Amino acid sequence: MRLLWKILLVAALLLPGNAWGEFSYTGDVKSLTKDGSGAGLTLSNAKLRIYVVKSNIIRIRLTREDKFSEVPSYAVIYDKKEPVQFSVDRKRGMTEVKTDELTLRIDENPCRITFLDKGGNILNEDEKSFGMSFDGEEVRCFKKLFKDEKFFGLGEKTGNLSRTGDSYIMWNSDFPFYTKATDPIYASIPFFIGIRDHKAYGIFLDNTYRSQFSMGAGSDRFYWFGADKGELDYYFIYGPDPKRVISSYTELTGRMELPPLWALGFQQSRWSYGSEEKVREIAKQFRTREIPCDVIYLDIDYMNGYRVFTWNREKFPDPPRMMADLARQGFKIVPIIDPGVKADDGYFAAKEGLAGDHFAKYPDGSPYKGEVWPSWAYFPDFTSEKTRAWWGNNLSILLDAGVAGFWNDMNEPAVWGKNVPDIIRFSDGGYQADHKKIHNVFALQMAKATFDRLSRDPERRPFVLTRAGFSGIQRYAAMWTGDNYANEDHLALACYMPQSMGISGLPFTGSDVGGFGGTPSPALFIRWLELGAFTPFFRAHSCIDTPDKEPWTFGAEAEKIARETIRMRYRFLPCLYNEFRRSTLTGLPIMRALFLEYPGDDECYAPDAQKEFMLGDSLLVAPVLSEKDILKKLYLPEGYWLNIWDHKHYKGSQWIAIEAPLGQIPLFLRRGAIIPQWDAQNYVGEHENGEVEFSIFPGESSSYEYYEDDGISRKYKDGAYALTNIQVSEDKVGSVRISISKTYDRYDSKVKSYRLRLFATRLPAEISVNGRRLERCESEKSLMARTEGYAQAGEGVILIKIPAGSPIEVNLN
Ligand code: MIG
């Protein structure tokens, strides 16, 4: 007996598998081979691969398997095969991989990684003792935590923007009425930015398993990230400008396409507008009260017993007629789509799904059922291409009836707050995987199925709204922040979370205005609406069993302010649209944390400075995040600023407090700002925007590229758009020169005249346009009735109106 024990003990010690059950390090570097894309290293306990992706991006892969996984990434779509210049040198005890911008040093005994900039400054390094390691099936990467290192990103997380000192889980979770401390919630974006000495880098962990990011939580020595299983596969992205890190990250994981312009309008939802009658009534209220609105949502009760792709015919007797009528009033209808397919023998989608083998399965091959709205339901395997196509074809049923886009909910996937069992099988693009791997990308692949179906139509741009997601979701969908609550904590979250999502590559985001749960006071609702008017996605929504929350339900005074606030959103539409378009090219957020624009200004990282943001690079928005306050304390970064409401000028680099009565969200123009606006309308396309107004706060020299297209079709992708360059300069004595010229012209612009609203330092003695002297009008009103001229429009404000054309040169002397 004793002998047997001894034998067993010796055997256990000798087994290489011993290390698998517990913590183990990578060990030393044993050998190295260079190749065209980087280098491969054999370590004592693992294999390491270095890929030089771009001069500022290096990918690190580590596995203990015999070979690296061949399964393609769900997130990374970057495939530019442009050669990158780099060198690999093995010296005594270390290997150096060098690009034009970055050095990767790999110490060999043991294997530890350090990233340095060109000047040899350390940007990021493995923790000396732990580095990359394995803990059972888990992979881990320990990084040295530098004093004063700041972390941001990780997508849709609660709290404010700072991720330092906290730990976060990536596991898509349905958490109704989450709090400011709940984690995880709906989406997983395993990407963060680290900033030290005003220099930024990013790390993207491309692993879909449940992962964890512990950013100096409970340790002043290291931060670490890792996943439950799979490879340690991460990208190190160097800035040093934080905006560049985001651009590079979205070069890897993709960028949004231009949404239809109507999707930037105000949108109204509730759980549920449960009948045709009710939907028509809501539409009528908006139009008779002249509160602008573009979209009405249909929540789960439009369906027949929560069967996806069906209608409750009693409540919605004729959907095509309803939607056609509403379309004539300028409304789009977006229905909710949940992934669960009711397990009902008589239901066509269940029958088709079973016959076509479209559902996720138990390992014994029988289809998995989980319980959710339709009661027991099958879950389509969106990781299978044929299933995505099948789903897309069924979406046609709703599209043919007239819906304008889709709202994907419960796509974590949620099964009444429980988890789909780990063992459930998915196709994984033909490679086969279990739920542990697929859970976090379920929504991504469902959104892909939806987006792919919608993008079949060249006349119409896709619009998809999603609750859950993974890195790359920005390619397919806008994301809202799920089930929030009508209180001040959530009003603040509605300011923070979209900023964080923007840092993490998701530009098209917003919250349920007014709070999903609970009952906001009129003031809370208005403050939320003011903030919402400057978030990229602008929708009011409300939970079942809550009182009405439409903009007219808070009393006459609140209704008036709500109307003006939403009208303001519509006036800013061209400004927003231009930022959307820029984001399609750069991946940068539209709603931007201050420090992204001013990374060198320490004050911009302050928690209080996160209670404001930039829209693009010229408009500062400082929402009042409280229901009682009528003062807003805010920070103005370096430079000069102009308060849009009272035209007062401010020097930057200071905290100020200004009055902000209800309906007056603090807005500031940066000196040099040029911002396009249209007249408000009740919905996008109500009338042609024949006049565009540029708000101009002249600086020494600045310019704006004004983008126009048809706002609806995908023809812009083939070049059907126009660009107008506006250049403004002011000299020392206050003479201003404005040059306007079309620089690209493949879209037939509807603009007949330009209005230039100038916040000038002095009143000019004379204004000329292309050498012709402009006539001065008595008032703004009399100017509006004429085709050209100028007028004083308030103190320090000059309004100029001129016919559109190119080139135009305006001189104010
Ligand atoms: O179990 O469809 O976040 O916006 O109104 C709740 C009903 C399901 C959750 C969504 C919410 C939606 C609600 N849904």
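The calculated pair-distance distribution of region 734-784 uses every alpha carbon pair, bins of 5 angstrom beginning at 0, and gives 4, 11, 22, 26, 17, 11, 7, 2 percent.
For the chain, what does the alpha-carbon gyration tensor say about shape, rounded, prolate or oblate, given a ≥ b ≥ c as the root eigenvalues, a/c under 1.5 as rounded, and a/b over b/c as prolate? Before the final figure, lay out the partial values.
Values: a/c = 2.01, a/b = 1.33, b/c = 1.51.
Since a/c reaches 1.5 but b/c is at least a/b, the shape of the chain is classed as oblate.
Please label the shape of region 644-692 as rounded, prolate or oblate, based on the square roots a ≥ b ≥ c of the eigenvalues of the alpha-carbon gyration tensor (a/c under 1.5 means rounded; beyond that, a/b larger than b/c means prolate, else oblate).
Values: a/c = 3.99, a/b = 1.90, b/c = 2.10.
It comes out oblate by the Cα gyration axes.
For the chain, find the longest principal axis of its Cα atoms and tell me its angle to the long axis of helix 556-571, 0 to 90°, nearest 10. It works out to around 80 degrees. Rounded to the nearest whole Hz, the Karplus-based 3J(HN,Hα) values (6.51 cos²θ - 1.76 cosθ + 1.60, θ = phi - 60°) of region 206-218 follow the sequence 8, 8, 8, 5, 3, 10, 9, 10, 10, 8, x, 7, x, with x at glycine and proline. Shape of region 406-505 from the C-alpha gyration tensor: oblate (a/c of 1.5 or more and a/b not above b/c, with a ≥ b ≥ c the square roots of its eigenvalues).
Too long at a 23 Å Cα-Cα cut-off: which of Lys284/Lys628; Lys143/Lys418; Lys128/Lys150?
Values: Lys284/Lys628 32 Å; Lys143/Lys418 33 Å; Lys128/Lys150 20 Å.
The pairs that break the limit, which is 23 Å between Cα atoms, are Lys284/Lys628; Lys143/Lys418.
Only Cα sites of region 554-651 enter the Debye sum here, all with the same form factor; the resulting log10 I(q)/I(0) across q = 0.22 1/Å is -1.32, listed in q order. Would you mind pulling out the separation of the Cα centroids of region 248-325 and region 366-428, in Å? Cα centroid of region 248-325 versus Cα centroid of region 366-428: 20 Å apart. Cross-link partners among aspartates and glutamates for Lys199, C-alpha distance below 16 Å, same-chain residues fewer than 8 apart left out? Partners within reach: Glu101, Asp117, Glu125, Asp148, Glu149, Asp241, Glu597, Asp601, Asp602, Glu603.
Rule-of-thumb check for region 26-98: C-alpha Rg over 2.2 N^0.38 Å? Mind dumping the intermediate values first?
Details: Rg = 13.0 Å, N = 73, 2.2 N^0.38 = 11.2 Å.
Here the Cα radius of gyration is 1.16 times the empirical estimate.
Under the convention that each Lys and Arg Cβ holds +1 and each Asp and Glu Cβ holds -1, the size of the dipole of region 321-375 around its Cα centre is about 340 debye. Modelled spin-label separation between Val733 and His647, with each label point placed 7 Å from Cα along the Cα-to-Cβ direction: 2.3 nm. Remark: Arg755, Arg746 ranked as Arg746, Arg755, counting other beta-carbon atoms within 10 Å and listing the fewest first. For the chain, take the longest principal axis of its alpha carbons; what is the angle in degrees between that and the long axis of helix 488-503, to the nearest 10 within 0 to 90? With both axes taken from Cα atoms, the answer is about 70 degrees.
Charge dipole (Cα centre; +1 on Lys/Arg Cβ, -1 on Asp/Glu Cβ; no other charges) of the chain amounts to roughly 1120 debye.
Between the Cα long axis of helix 385-401 and the first principal axis of the chain there is an angle of about 30°, rounded to the nearest 10. The ranking of Ser129, Ser618 by Cβ neighbour count inside 10 Å, starting from the fewest, reads Ser129, Ser618.
Would you mind checking region 75-98 for residues with the amide N under 14 Å from a putative spin-label position 7 Å along Cα→C-beta of Lys34? Only 84-92, 95-98 fall inside the zone, counting backbone N under 14 Å.
With charges set only on the Cβ (+1 for Lys and Arg, -1 for Asp and Glu), what does the dipole of region 685-813 come to about its Cα centre, in debye to the nearest 20?
On the way: 18 positive and 21 negative charges, 37 e Å.
So the dipole magnitude of region 685-813 works out to roughly 180 debye.
Working from the Cα coordinates of region 107-223, the gyration tensor eigenvalues give, after taking √(5λ), semi-axes of 26, 17, 12 Å in decreasing order.
Put in line by how crowded their Cβ is, counting other Cβ atoms within 10 Å and starting with the fewest, Arg670, Arg244, Arg307 read Arg244, Arg307, Arg670.
Computed FRET efficiency, Cβ-Cβ of Glu314 and Thr584, R0 60 Å: what is it to the nearest 0.05? Efficiency, from the Cβ-Cβ distance: 0.90.
Could you order peptides 716-727, 39-50 by the average number of other Cβ atoms within 10 Å of their residues, highest first? Could the numbers behind the result be given before it?
Values: 716-727: 16.7, 39-50: 19.0.
For the peptides 716-727, 39-50, the packing ranking is 39-50, 716-727.
Residues in region 801-810 carry Karplus couplings, in order, of 10, 9, x, 5, x, 7, x, 10, 10, 10 Hz; the curve used is 6.51 cos²θ - 1.76 cosθ + 1.60 with θ = phi - 60°, and Gly or Pro positions show x.
Just so you know, all these numbers are worked out from the coordinates, no wet-lab data involved. As the structure is a prediction and not an experimental result, all values here were calculated from the model. Cβ sites come from the backbone with ideal geometry, for glycine too, and all protein chains shown count toward neighbours.
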